[in-house]
Every structure is written in structure tokens, then in C-alpha cells.
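Asker: Before I ask anything, let me first share the structure, which is written out below as C-alpha cells.
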Amino acid sequence: MQQYHVETLAIHAGQHPDPSTGAVMTPIYQTSTFAQEAPGVHKGYEYARVHNPTRTALEENLAALEGASTGIAFSSGVAATDAIMRSLMPGDHIIATSDLYGGTYRLFTQTFERFGLSFSFVDMRDLSQIEAALTPKTRIIWVETPTNPLIRILDIEAIASIGTQNEIAVVVDNTFASPYLQQPLTMGATMVLHSTTKYLGGHSDVIGGAICTNDASWIERLRFQVKAAGAVPGPMDCFLTLRGIKTLHVRMERHGNNALQIATFLHDHPSVGMVYYPGLASHEGHELAKKQMKNYGGMLSFRLKNDSLENAIKFMSSTQLFTLAESLGGVESLVNHPATMTHASIPAEIRHAAGLHDSLIRLSVGIEHVEDLIVDLASALSGV
Ligand SMILES: *Cc1c(COP(=O)(O)O)cnc(C)c1O
């Protein structure tokens with residue numbers, strides 16, 4: 001379905017009226033096994049750890065959105081990451097961006113280092129740091145852009161070309177942007193990873209993950225991990241994710257418009273210090289974001305002028321519409337405090353050195369009316 005636009009693919013790709021009933025929506029095939037007419041004679045489905053028709057529809061849909069031949073769905077975003085790591089060998093080396101999703105960092109350092117993989121974490125805004133970290137054992141360059149929570153922008157095309165030159169696979173975690181805003185495979189990446197829990201699902205009601213790629217050897221290795229390790233999503237979860245994806249483009253437009261207006265409001269507010277949003281001309285990654293993204297997304301962070309923990313807590317306890325919670329990418333607005341929530345396990349000194357100040361506040365801007373969101377923020381800011 002490559003000839004269609006993303007908006008059309010989101011609604012149609014992978015979804016055909018059910019052959020047995022004509023049901024327009026893909027049924028939830030709640031079954032663990034499939035009847036065979038004779039031993040080995042079946043309709044392409046044998047056992048649901050390996051395949052399930054609802055999952056197949058989701059996988060074909062995700063592949064189309066990312067411009068990939070193949071999508072492989074997992075039970076969560078971290079399960080997808082886990083499957084890539086399991087495909088490596090002890091001694092292999094991975095170069096990852098330094099401000100990585102916390103759960104990815106935890107999986108790398110607390111699980112896979114024990115199994116003999118080694119990791120270098122570098123600031124990928126500086127390409128020479130990637131070149132300097134390369135070793136003969138480097139197998140993967142792991143990119144996340146925009147990053148969390150400082151919303152930095154990394155140059156996918158430039159990093160992918162380092163991978164190509166050195167025959168190293170480049171993985172882009174595209175969770176924050178979604179395929180509506182950027183398609184890393186078209187920029188040269190080997191694999192795209194998603195936590196479909198976030199913008200793809202879009203309604204904060206399902207956990208899921210996926211990898212999309214055109215690389216035959218990775219497809220084989222990842223399909224093997226699906227069968228061998230079994231971190232697969234259930235059919236109900238696949239159905240919910242598919243349903244969410246149908247409105248991805250509409251939601252992403254509104255997330256981006258709302259976030260840009262909120263970033264501008266915060267930027268001009270006397271109680272607010274730094275605002276981290278790539279849509280602002282003052283953001284260091286603005287030009288790059290303009291080049292590689294369709295809009296600037298729904299995630300932004302900011303600091304209070306009075307940079308204290310007490311002030312940040314006061315602010316976050318006074319919003320009405322912005323719910324204090326982890327996660328992101330749903331239709332509702334959320335507020336998060338990295339210092340005490342997502343990044344609390346990092347010692348304060350290291351946190352501050354990395355730019356994660358005590359008053360740093362992250363917003364996942366939802367698709368409510370932007371005026372209501374701004375009134376909510378203004379009222380919470382009046383108390384700090
Ligand atoms: C949430 C998230 C993950 C992990 O996904 P889960 O579905 O929670 O397992 C990975 N990467 C990024 C950028 C995320 O935001």
C-alpha cells in the first residue's frame with residue numbers, strides 16, 4: 001500500500017474485510033490455536049505465540065506507516081528492545097544516545113551487561129562522539145529522537161550514514177515522533193522501534209511495542225525471538241492499538257499545534273526559565289527538526305525561573321487538566337517531574353550535570369482545547 005499517504009495507510013493498511021463474515025473491523029481472534037485440515041495443512045496460522053490474525057493486521061499496518069516490508073509486534077516497547085538485544089552475542093558492543101529512555105537504559109545496563117554486551121553512551125548531537133566510540137565489535141547504534149526529557153533532536157540521516165559506512169545496524173526509537181512526524185527508514189535507519197503504548201495507541205489504554213524493518217536478516221532474527229522468547233501482544237491489545245492508529249494523523253496535528261502554542265506561552269511567561277521545544281526558533285535543534293519532522297510533536301519540557309524542587313512540586317500539585325502521571329502520547333494532557341518520577345534513581349549531582357534540574361517539568365500536551373490548557377498552566381504558574 002506504499003502509494004498512499006500516511007493518513008490513508010493509518011486507516012486501511014493491513015485491514016481487509018474478514019473473509020469469513022465480511023466484518024469491516026479486524027476481529028479480535030481470541031484463540032490460542034488453529035485447526036489444521038491435515039498435518040501441516042493450514043491457513044497460515046498454527047499457534048498464536050507465533051502468529052495471530054489480529055496481530056498480523058497490526059503488523060502490516062505498522063510496516064506500511066514506517067515504509068517497511070515488515071512490522072513485528074511485541075507485548076511492550078521494552079520487549080521489542082529486549083528482542084533486538086537477545087539477537088546479539090556476548091562481546092558485542094552497542095553505542096547508544098546518552099539521554100535514553102530510562103527503561104531502555106535499565107535493560108541495557110542491568111540485564112544485558114550481565115550477559116556480556118557492552119554499551120557506550122554518547123551525546124549524539126556531536127557525531128564525532130559516535131565515530132570515537134566505534135569498535136570492531138560495535139553491532140548497533142541506538143538513537144532516540146526527540147529525546148526524553150530534554151527534547152533534543154538528533155540527525156537521523158547523518159547517524160544512519162555512519163552506520164552504513166561501518167556496516168552497523170542503526171535503530172531509531174521513534175516513539176516520541178510517531179511515523180506521522182518522521183520515518184527513520186526513509187532516512188537510512190535499519191530498524192525503527194516503537195512503544196505503541198504512546199502516540200500510536202494514543203489513548204493510554206494499552207501497552208505494546210513494535211519493530212519495523214526492511215532488513216531480511218533482522219526480520220529472521222526477530223521472528224525467531226518472537227517464537228523462541230514469546231513476548232507477544234494479545235489480540236485485544238492489537239485491536240486497541242489498530243483502533244488508536246486510525247486517528248494518528250489527526251491527533252498528531254493537534255498535539256503539535258497545541259504544544260507549539262503552549263511552548264510560546266511558557267517562553268513568554270515571567271515565572272518560566274528555559275523552555276525545551278524544537279518548534280521554538282530558540283531551540284538548538286530547531287532547523288534539524290524542521291528538516292526531518294512534519295511538525296514538532298506534543299512533548300515539551302520547561303524550567304521554572306525559581307529553580308527549586310518545592311516550586312516544581314507546588315506547580316504540579318495545582319494543575320487541574322494536566323494530570324500528574326508517567327507516560328505520554330495519549331489524548332489527555334499529562335505533567336511529569338523527571339527529578340522525582342522518571343529519573344529519580346539517578347543521583348542529584350549526575351542529574352544536574354545532565355541538565356535535569358529540580359524544577360524541570362515535562363508536559364505531554366494532549367488534544368484538549370488549547371485555551372483551556374493555557375488557562376490551567378497560567379493558574380498553576382501564578383502560585384510559584
Ligand atoms: C515508553 C517508552 C518505551 C518503552 O515502552 P513500553 O511500552 O512502556 O514498554 C521505550 N522508548 C520510549 C521513548 C518510550 O517513551
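The values are calculated or read from the model by the stated rules, or taken from the named source; none is laboratory data. Predicted model only: the values in this text are computed from it and were never measured. Methodologically, a virtual Cβ is constructed for each residue, glycine included, from the backbone with ideal geometry; neighbour enumeration extends over all protein chains shown.
Asker: So which of I219, I168, I156, I151 is closer than 21 Å to K291 by Cα, more than 13 Å from the ligand (Cβ to nearest atom) and at pLDDT 95 or above?
Answerer: Working: I219 fails: closer than 21 Å to K291 by Cα; I168 fails: closer than 21 Å to K291 by Cα; I151 fails: more than 13 Å from the ligand (Cβ to nearest atom).
That would be I156, the only listed residue that is closer than 21 Å to K291 by Cα, more than 13 Å from the ligand (Cβ to nearest atom) and at pLDDT 95 or above.
Asker: Would you check which residues across region 171-190 are more than 16 Å from the ligand (Cβ to nearest atom), of a type outside the set (S, T, Y) and outside any loop (DSSP other than H, G, I, E, B) and list them?
Answerer: Scanning region 171-190 gives L185, M187.
Asker: Please find, within region 54-91, the residue that is nearest to K137 (Cα to Cα) out of those that are more than 15 Å from the ligand (Cβ to nearest atom), without any contact (Cβ under 8 Å) to a residue 60 or more places away in the chain and not hydroxyl-bearing (S, T, Y).
Answerer: Filtering region 54-91 for residues that are more than 15 Å from the ligand (Cβ to nearest atom), without any contact (Cβ under 8 Å) to a residue 60 or more places away in the chain and not hydroxyl-bearing (S, T, Y), the one nearest to K137 (Cα to Cα) comes out as G91.
Asker: Taking the conditions exactly as written (away from the ligand (no atom under 16 Å from the Cβ), assigned to a strand (DSSP E or B), under 29 Å from D123 (Cα atoms) and modelled with pLDDT of 95 or more), does V275 satisfy them or not?
Answerer: Numbers: away from the ligand (no atom under 16 Å from the Cβ): yes; assigned to a strand (DSSP E or B): yes; under 29 Å from D123 (Cα atoms): yes; modelled with pLDDT of 95 or more: yes.
Yes; evaluated as a whole, the condition is true for this residue.
Asker: If we scan region 191-211, do we find a residue that is surrounded by 20 or more Cβ atoms within 10 Å (Cβ to Cβ), within 16 Å of the ligand (Cβ to nearest atom) and in a helix (DSSP H, G or I)?
Answerer: No.
Asker: Also, I was wondering about something else. Anything in region 1-37 that is more than 17 Å from A48 (Cβ to Cβ) and in contact with a Phe, Trp or Tyr (Cβ under 9 Å, 6 or more places away or on another chain)? List them, or say none.
Answerer: V6, E7, A10, H12, A13, M25
Asker: Picking from K305, K314, K294, which residue would you name as being surrounded by fewer than 23 Cβ atoms within 10 Å (Cβ to Cβ), away from the ligand (no atom under 16 Å from the Cβ) and under 19 Å from the mean Cα position of the chain (by Cα)?
Answerer: Checking each option against the conditions leaves just K294.
Asker: Output the residues belonging to region 92-128 that are touching a His at 6+ places or on another chain (Cβ under 8 Å) and more than 15 Å from the ligand (Cβ to nearest atom).
Answerer: Within region 92-128, L117, S118, F119, S120 qualify.
Asker: Let me ask you something else. Going by what's in this entry, would A57 be described as surrounded by fewer than 21 Cβ atoms within 10 Å (Cβ to Cβ), in a helix (DSSP H, G or I) and either among the hydrophobic types (A, V, I, L, M, F, W, C) or touching a Cys at 6+ places or on another chain (Cβ under 7 Å) (or both)?
Answerer: It is false that A57 is surrounded by fewer than 21 Cβ atoms within 10 Å (Cβ to Cβ), in a helix (DSSP H, G or I) and either among the hydrophobic types (A, V, I, L, M, F, W, C) or touching a Cys at 6+ places or on another chain (Cβ under 7 Å) (or both).
Asker: Considering only residues of region 358-379 that are part of a loop (DSSP other than H, G, I, E, B) and either without any contact (Cβ under 8 Å) to a residue 40 or more places away in the chain or touching a Ser or Thr at 6+ places or on another chain (Cβ under 8 Å) (or both), which is surrounded by the most Cβ atoms within 10 Å (Cβ to Cβ)?
Answerer: V365
Asker: I'd like to know if region 129-142 contains one or more residues that are within 16 Å of the ligand (Cβ to nearest atom) and surrounded by fewer than 24 Cβ atoms within 10 Å (Cβ to Cβ).
Answerer: Taking every residue of region 129-142 in turn, at least one turns out to be within 16 Å of the ligand (Cβ to nearest atom) and surrounded by fewer than 24 Cβ atoms within 10 Å (Cβ to Cβ).
Asker: Restricting region 92-133 to residues that are in a strand (DSSP E or B) and without any contact (Cβ under 8 Å) to a residue 40 or more places away in the chain, which is farthest from M341 (Cα to Cα)?
Answerer: Initially, region 92-133 is screened for residues in a strand (DSSP E or B), giving 93-97, 118-122.
From the residues that got through so far, the ones that are without any contact (Cβ under 8 Å) to a residue 40 or more places away in the chain too are 118-122.
Working: S118: 27, F119: 25, S120: 25, F121: 22, V122: 23 Å.
Checking each candidate, the answer is S118.
Asker: Same structure again: Please go through region 134-145 and give me each residue that is assigned to a loop (DSSP other than H, G, I, E, B) and not polar (S, T, N, Q), ordered by number.
Answerer: Just the residues of region 134-145 that are assigned to a loop (DSSP other than H, G, I, E, B), to begin with: 134-137, 145.
L134, P136, K137, listed by residue number.
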